[in-house]
Amino acid sequence: MKNRMATIFDQIFESKKADVDQLKASLPIDELRKMVKDAPSCRDFKAALAERECAVIAEVKFRSPSKGQLRTDLDPVFIAECYEENGASAISVLTDRNFFGGEKLYLNIIRRAVGLPLLRKDFILDPWQIYESRMLGADAILLIVAMLEENQLKEYLELTGTLGLAALVEVHDREELERALAAGAEIIGINNRNLKTFVTDLNTSLELSEAVPRDRIVVAESGIRTWEDIQRLMSAGISAFLIGETLMTAPDIGQKLRELLGKEVPAS
């Protein structure tokens, strides 16, 4: 892996690799390939982001390494339905259990409850996980440039396309952005969180988005808390936003989502 930037990143990588190795031993990839052949068609994640001037990918995330437990009422279906009812364009579902309190089954039960495209938010290190994502009901997956070599990134992008999945390719700096573009990424996620300090800075998205060709979709990630934040990012040509903690910690998730979409004035 290239550019593993923080201790927690190292821990996640090693933990995920051990999990995947165990899963591959119990279910060979050839068997997994057969299982996805009859999977239903994917919902169009890219179109869901492109068709709106302000598209929010609302995230189902109950815990984070930096903030701990975000919510105690652990009902992923209720939250997903709330997102759909209040204007989300897509839903991001954390499936990592060890660090984010997610579950793979969330994808399946949320898919049955809502009609929005689903992004599987996890740490993809092996082609096995891409086939697994398709089997679980994901419409898109997250590929983190910092966790993949150049040849892996290109290979994984090609495989996602073959399986009908979209890929949100996440970058943190200019070098990672150049690698993502060279690999052919169509949806670029710019993470505003510094992986060394965990501090978020919207300027990361503002600065890096200038170097993204206009035929690609830019998704600003992390640190987005208000409609004013979104307006600031939209002024730079960014129209899609991945928002998790701000929504998951809100007393009224639906109201907060409407505020972030500029549909409701926050109470003073």
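Residues are listed down the side, and each one gets a yes or a no for (1) among the hydroxyl-bearing types (Ser, Thr, Tyr); (2) without any contact (Cβ under 8 Å) to a residue 60 or more places away in the chain:
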| residue | (1), (2) |
| --- | --- |
| ASP44 | no, no |
| ALA48 | no, no |
| GLU51 | no, yes |
| ILE57 | no, no |
| LYS61 | no, no |
| SER64 | yes, no |
| LEU70 | no, no |
| VAL77 | no, yes |
| ASN86 | no, no |
Q: Only residues that are on the phi > 0 side of the Ramachandran plot and touching a Ser or Thr at 6+ places or on another chain (Cβ under 8 Å): list them for the stretch 146-189, please.
A: GLY164
Q) How many residues are over 17 Å from the mean Cα position of the chain (by Cα), surrounded by fewer than 21 Cβ atoms within 10 Å (Cβ to Cβ), part of a loop (DSSP other than H, G, I, E, B) and touching a residue at least 12 places away in the same chain (Cβ under 8 Å) if we restrict to the stretch 174-197? A) 2
(Q) Please list, ordered by residue number, the helices (runs of 4 or more DSSP H) wholly in the stretch 221-264 having 1 or more residues that are β-branched (Val, Ile, Thr) and under 17 Å from ASP73 (Cα atoms). (A) 245-248, 253-260
Q: Report, ordered by the first and then the second residue, all pairs with beta carbons closer than 7 Å, sequence separation of six or more or different chains, a first member in the stretch 122-136 that is crowded, with 21+ Cβ neighbours inside 10 Å, and a second member that is among the hydroxyl-bearing types (Ser, Thr, Tyr).
A: ASP122/THR95; ILE124/TYR156; ILE130/TYR156; ILE130/THR160
Q) Which one of these does PHE99 not meet: (1) more than 17 Å from PHE13 (Cα to Cα); (2) surrounded by fewer than 24 Cβ atoms within 10 Å (Cβ to Cβ); (3) of a type outside the set (S, T, N, Q)? A) (1)
**Q.** Failed item in (1) at pLDDT 95 or above; (2) surrounded by 14 or more Cβ atoms within 10 Å (Cβ to Cβ), with ILE8 passing the rest
**A.** (1)
Q. Mind checking which residues of the stretch 102-115 are surrounded by 21 or more Cβ atoms within 10 Å (Cβ to Cβ) and farther than 21 Å from ASP19 by Cβ?
A. ILE110, ARG111
Q: Just one of (1) in contact with a Ser or Thr (Cβ under 6 Å, 6 or more places away or on another chain); (2) more than 18 Å from LEU242 (Cα to Cα) trips up ASN192, so point out which.
A: (2)
Q.
Checking the structure you have, find out if any residue of the stretch 93-103 is among the small types (Gly, Ala, Ser) and in a helix (DSSP H, G or I).
A. no
Q: Might you let me know whether the stretch 42-56 holds any residue that is modelled with pLDDT under 90 and loosely packed, with under 14 Cβ neighbours inside 10 Å?
A: no
(Q) Restricting to the stretch 47-92, name every residue that is under 13 Å from the mean Cα position of the chain (by Cα) and either over 15 Å from LEU119 (Cα atoms) or not in a loop (DSSP other than H, G, I, E, B) (or both). (A) LEU49, VAL56, ILE57, ALA58, GLU59, VAL60, ALA90, ILE91, SER92
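The values are calculated or read from the model by the stated rules, or taken from the named source; none is laboratory data. It should be emphasised that the depicted structure is a prediction, and the values quoted were computed from it without experimental measurement. With ideal geometry, Cβ positions are generated from the backbone for all residues, glycine too; neighbour counts draw on all protein chains shown.
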